[in-house]
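**Q** Would you mind keeping the following structure in view while I ask a few things?
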Amino acid sequence: MAYIKRSLFFRLALLILGGGSLVVLAIVAFNHFQMRRNILADQERYYTALASSAAAKFSVQLMETQKVVDEAAALFTTLPRTRATALSLLKKCLRLNRNIYGSAIALAPLENDQEAGFRILYAWREGERIRTMERSQPEQDYQSDWFSLPYYLSESVWTDPYVDADVDTLMITYCTPVRIGERTVAVITCDLALKDLQTSLSGLELGRHGKPMLVSRFGKLILHPRSEWMHKETFVSLAEGAKKGADRDTLLSISRSLSGSAAGSFRFRQIVSQEQAWLYFDSIPLTGWKIGFIIPEKQILAPVVRLGVKTLLIAVCGILLLLPPAFFIARTITRPLKALSGAADQLAQGDFGVSLPAADRTDEIGRLIAAFDRMRTDLKSYIGELTRTTAEKEKIASELSIACEIQHSILPKIFPPFPQRSGLDLYATLSSAREVGGDLYDFTLLDDDHLYFCIGDVSGKGVPASLFMAVGKTLLKSTIQTLQDPAKTLFHVNNELSQGNENCMFITTFCGILDLRTNELIYANAGHNPPVLFDQHQARFLDSASSPPLAAMPDSPFRNERLVLPAEAKLLLYTDGVTEAMNPQLELFGEERLLAFLREQPPQTAEGCVSMLSKRVRGFAQGAEQSDDITLLCISYRDLQHPLEANDTSPTSLLILTNHTSELPRMVAWLEDLQTRLGWSYELTSQLNLILEEWLVNVISYAFADDHLHEIEIRLWQDEAGVRMEVSDDGAPFDPTAQKQPDLDAAIEDRPIGGLGIHFIRTSLDELRYARTDGRNVVTMIKQKG
């Protein structure tokens, strides 16, 4: 099957064979349904005509019987009403018409039967003999239909079928009144035995499964394939007793068709076999009866089925005969295509000298080969050109990559930037929209007490913006170190950048100097987005004088603003890539979303704030392409050199970490700085490092159930007795002093997991204490000198 899917030869052959097969099968199917329709129509005409013929034949018998009875009635009025006269007349009626089974003369009840010598005389045929008798129950006969209907209606009638009690025969009777003047003196009848009619109908050629049916004018079944229904049931009574709704609907439909039409046909589902059958019927006018034939549909369509099977076998043979020409045609068409496919494979491998099939054909395949040859020539030329272009692009991409590395290398990327200033929390990030961009940030310590920081955004993007950014950052840093005044620095740099600025580029810049002793911030803004000052309760934009960007206009004035940063507040600097971030619905992130985000932030580090904001902006963009550089810088400062009471003594030093293992190098750098300042030995520093690392790994790994950033504070005191450390966190309560001592004498495979780290801390310290204070774990570790 997989080979057929890959082979055009087999698919084309199967397409030709399948198309021919569909045509042949369509012809066979059309012929079958046409023959089916025709044979159903022919059979309807045949059986309807047969029913009409049988009805006409029976009508002739009825009319002959009526003629005999009417003549006898007329003759009886002229003859003396004696027993001998009556018997002679009855025998004459039977001799005149051999179809008549019996005949009767019944005197009216009020006539003088004593004078006539009889009341009701009856003659009937028994083989070749004619027998007579006087009816045994005349009073009952006077109540029967064959006497009462003509007597009281004073007209001739045909009765419904009945079984005569005296001769035990199923018959119908034609009865006519004998009238003298206005008085009915007698009734003369002639009986027709239905056995002869049933035999006649059963002898008709109705096929193997066809059956006749005879129904009276009142719907009673006189003749039917179901003998138990004959002379007892009507279609209506059968429907009332049917258990299945479908059978009830079928019987009622047959009853309506028979009563509503004099002749016709009806298709129905048989009660027992549930097979489809047809009912063809006609009427007998003199009695109102219906003669019908029940013919199964499978019997009617049997010739069609047999002929259909033969036709289908012939069609299959014809389809098999299509195989050789189908494969020949497919082979003729696909041979050059196969050769062209092989040449294409070699061409795909870079062999442009491969030979193509001879293009001596004038059909579509020949034109395809010629077009393929032209494509080969053009492709060879194009690939040569593409190779040169690709090499140039790779060179440019390599240069851009190097430029990106150079650009990012001039930005400070080590955090925390000043581990010796443990109260300073500063973090920044830059995400370029292209390989290189025009955003910048910078910070440095001008001296022990003054921190310089800035953020900027160059107009435009790409390489020009990155070069302009590098020049601007360098000028800002070198100038601020000399002047140490934000406004003067911006004025000086603005004039420098304005010279020779033929491309009219500019830089929006926010520049500030933070006094780490007083938390006083001096800043100036050159057309940049105002920073946001926020804490746990509020967030607001900093007020600043409106000044033009750098390089926009020489000698532009800039003004310093002053602000004292609250102890728990943070300052967020950002570029317009944040507020102008756009989602697929073309909505901007905007300043309101920025303020709302910062107001809802829990207490966390500058790195946590920047990371969460970057994540929020990416989520808002919903995968939309970044259109501008995004730069963020967050800063806060707490003066930890001032007293923070711990047992009424200020700590020698304090370090604040976040619950991430990447913070452990900060702890190591902090201890190394203390070693230098406090003159610790290498052994003491190593021991404290191992103790703190073991405890911090446990806290970071198990204390926090969420993914938020949490602060871990480490306070350290040193006196003549030794070193005391307090490590506090807001994680789940955990008391290391309450943990069981591990069984060090047990085999390693028998020891439970865990417990050795706590054991190491205990044995390495001189004292270990635990307290749960204000929802925080506070672990005190004491290491004595000596």
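The values are calculated or read from the model by the stated rules, or taken from the named source; none is laboratory data. This structure is a prediction, so every number in the text was calculated from the model and none was measured. With ideal geometry, Cβ positions are generated from the backbone for all residues, glycine too; neighbour counts draw on all protein chains shown. Just the protein is used for accessible areas: all its heavy atoms, side chains included, with ligands, DNA and RNA removed. Shrake-Rupley method; radii C 1.70, N 1.55, O 1.52, S 1.80 Å.
**Q** Hey, among the residues in the range 465-475 that are surrounded by 15 or more Cβ atoms within 10 Å (Cβ to Cβ) and out of contact with any strand residue (DSSP E or B) (no Cβ under 6 Å at 6 or more places or on another chain), which one's nearest to residue 451 (Cα to Cα)?
**A** Only one residue fits best here, namely 475.
**Q** How many of the residues in the range 689-732 are on the phi < 0 side of the Ramachandran plot and more than 49 Å from the chain's Cα centre (by Cα)?
**A** Total meeting the criteria: 25.
**Q** Could you please find all residues in the range 310-332 being open to solvent by 80 Å² or more (accessible area, probe 1.4 Å) and without any contact (Cβ under 8 Å) to a residue 24 or more places away in the chain?
**A** 310, 313, 314, 320, 321, 324, 328
**Q** Next up: Inspect the range 363-370 for any residue being modelled with pLDDT under 70, of a type outside the set (Ser, Thr, Tyr), over 46 Å from the mean Cα position of the chain (by Cα) and surrounded by 14 or more Cβ atoms within 10 Å (Cβ to Cβ) and give the result as yes or no.
**A** Scanning the range 363-370, I find no residue that is modelled with pLDDT under 70, of a type outside the set (Ser, Thr, Tyr), over 46 Å from the mean Cα position of the chain (by Cα) and surrounded by 14 or more Cβ atoms within 10 Å (Cβ to Cβ), so the answer is no.
**Q** Would you confirm, using the coordinates I've provided, whether residue 184 is over 26 Å from residue 57 (Cα atoms) and either open to solvent by less than 20 Å² (accessible area, probe 1.4 Å) or outside the structural domain of residue 143 (by TED's automatic domain parsing) (or both)?
**A** Considered against the rule, which asks whether it is over 26 Å from residue 57 (Cα atoms) and either open to solvent by less than 20 Å² (accessible area, probe 1.4 Å) or outside the structural domain of residue 143 (by TED's automatic domain parsing) (or both), residue 184 comes out as yes.
**Q** Can you tell me which of 179, 217, 226, 208 is charged (D, E, K, R) and in the same structural domain as residue 150 (by TED's automatic domain parsing)?
**A** 179
**Q** I've got another one for you. Would you tally the residues in the range 234-256 being closer than 15 Å to residue 290 by Cα and surrounded by fewer than 19 Cβ atoms within 10 Å (Cβ to Cβ)?
**A** Residues that pass the stated criteria total 3.
**Q** Going residue by residue through the range 589-604, is there one that turns out to be modelled with pLDDT of 85 or more, surrounded by 15 or more Cβ atoms within 10 Å (Cβ to Cβ), hydrophobic (A, V, I, L, M, F, W, C) and in a loop (DSSP other than H, G, I, E, B)?
**A** Within the range 589-604, one or more residues are modelled with pLDDT of 85 or more, surrounded by 15 or more Cβ atoms within 10 Å (Cβ to Cβ), hydrophobic (A, V, I, L, M, F, W, C) and in a loop (DSSP other than H, G, I, E, B).
**Q** Still on this structure, I have one more. Do we have residue 510 as within 60 Å of the chain's Cα centre (by Cα), open to solvent by 70 Å² or more (accessible area, probe 1.4 Å), in contact (Cβ under 8 Å) with a residue 12 or more places away in the chain and closer than 19 Å to residue 556 by Cβ here?
**A** So residue 510 fails the test.
**Q** Here is a further query. Might you check whether a residue that is hydrophobic (A, V, I, L, M, F, W, C), within 49 Å of the chain's Cα centre (by Cα) and at pLDDT 80 or above occurs anywhere in the range 411-429?
**A** If we filter the range 411-429 for residues that are hydrophobic (A, V, I, L, M, F, W, C), which is where we start, we get 411, 414-415, 418, 424, 426, 428.
When the remaining residues are screened for being within 49 Å of the chain's Cα centre (by Cα), the result is 428.
Remaining after also requiring at pLDDT 80 or above: 428.
Yes - at least one qualifying residue is present in the range 411-429.
**Q** Six or more apart or on different chains, Cβ under 9 Å: which pairs go from a residue in the range 146-170 that's assigned by TED's automatic domain parsing to the domain that holds residue 216 to one that's of a type in the set (Val, Ile, Thr)? Could you list them?
**A** The qualifying pairs do not exist here.
**Q** Only residues in the range 563-586 that are assigned to a strand (DSSP E or B) count as the first member; pair them with residues that are of a type in the set (S, T, N, Q), Cβ under 6 angstrom, at least 6 apart or cross-chain, and list the lot.
**A** From residues that are assigned to a strand (DSSP E or B), the pairs are 564/519; 570/636.
**Q** Taking the range 188-229, which residues are more than 60 Å from the chain's Cα centre (by Cα) and surrounded by fewer than 18 Cβ atoms within 10 Å (Cβ to Cβ)?
**A** 195, 196, 198, 199, 200, 202, 203, 204, 205, 217, 218 - these are the residues of the range 188-229 that are more than 60 Å from the chain's Cα centre (by Cα) and surrounded by fewer than 18 Cβ atoms within 10 Å (Cβ to Cβ).
**Q** Let me ask another. Pick from the range 557-588 the residues that are among the small types (Gly, Ala, Ser) and farther than 15 Å from residue 624 by Cβ: which of them is least open to solvent (accessible area, probe 1.4 Å)?
**A** My answer is 569.
**Q** Looking only at the range 754-782, how many residues end up being without any contact (Cβ under 8 Å) to a residue 60 or more places away in the chain, open to solvent by less than 70 Å² (accessible area, probe 1.4 Å) and over 60 Å from the mean Cα position of the chain (by Cα)?
**A** Matching residues across the range 754-782 total 3.
**Q** Quick one: which strands (runs of 3 or more DSSP E) lie wholly within the range 87-194 and hold at least 2 residues that are charged (D, E, K, R)?
**A** 120-126, 129-134, 183-193
**Q** Here's something else I'd like to know. Among the listed residues 295, 254, which satisfies the condition of being closer than 13 Å to residue 219 by Cα and among the hydrophobic types (A, V, I, L, M, F, W, C)?
**A** One residue alone meets the criteria, 254.
**Q** Go through the residues of the range 666-683 one by one and say whether even a single one is under 56 Å from the mean Cα position of the chain (by Cα) and farther than 23 Å from residue 762 by Cα. Break it down into steps so the answer makes sense when it comes.
**A** Filtering the range 666-683 for residues under 56 Å from the mean Cα position of the chain (by Cα) gives 666-667.
Restricting the remaining residues to those that are farther than 23 Å from residue 762 by Cα gives 666.
Within the range 666-683 (the criterion being under 56 Å from the mean Cα position of the chain (by Cα) and farther than 23 Å from residue 762 by Cα), the answer is yes, since at least one residue qualifies.
**Q** Hey, does the range 744-757 have a residue that's assigned to a helix (DSSP H, G or I) and either in contact with a Pro (Cβ under 7 Å, 6 or more places away or on another chain) or at pLDDT 90 or above (or both)?
**A** Yes, because at least one residue in the range 744-757 is assigned to a helix (DSSP H, G or I) and either in contact with a Pro (Cβ under 7 Å, 6 or more places away or on another chain) or at pLDDT 90 or above (or both).
**Q** Mind telling me which of the residues 282, 351 ends up being acidic (Asp, Glu), surrounded by 13 or more Cβ atoms within 10 Å (Cβ to Cβ) and not in a helix (DSSP H, G or I)?
**A** The match here is 282.
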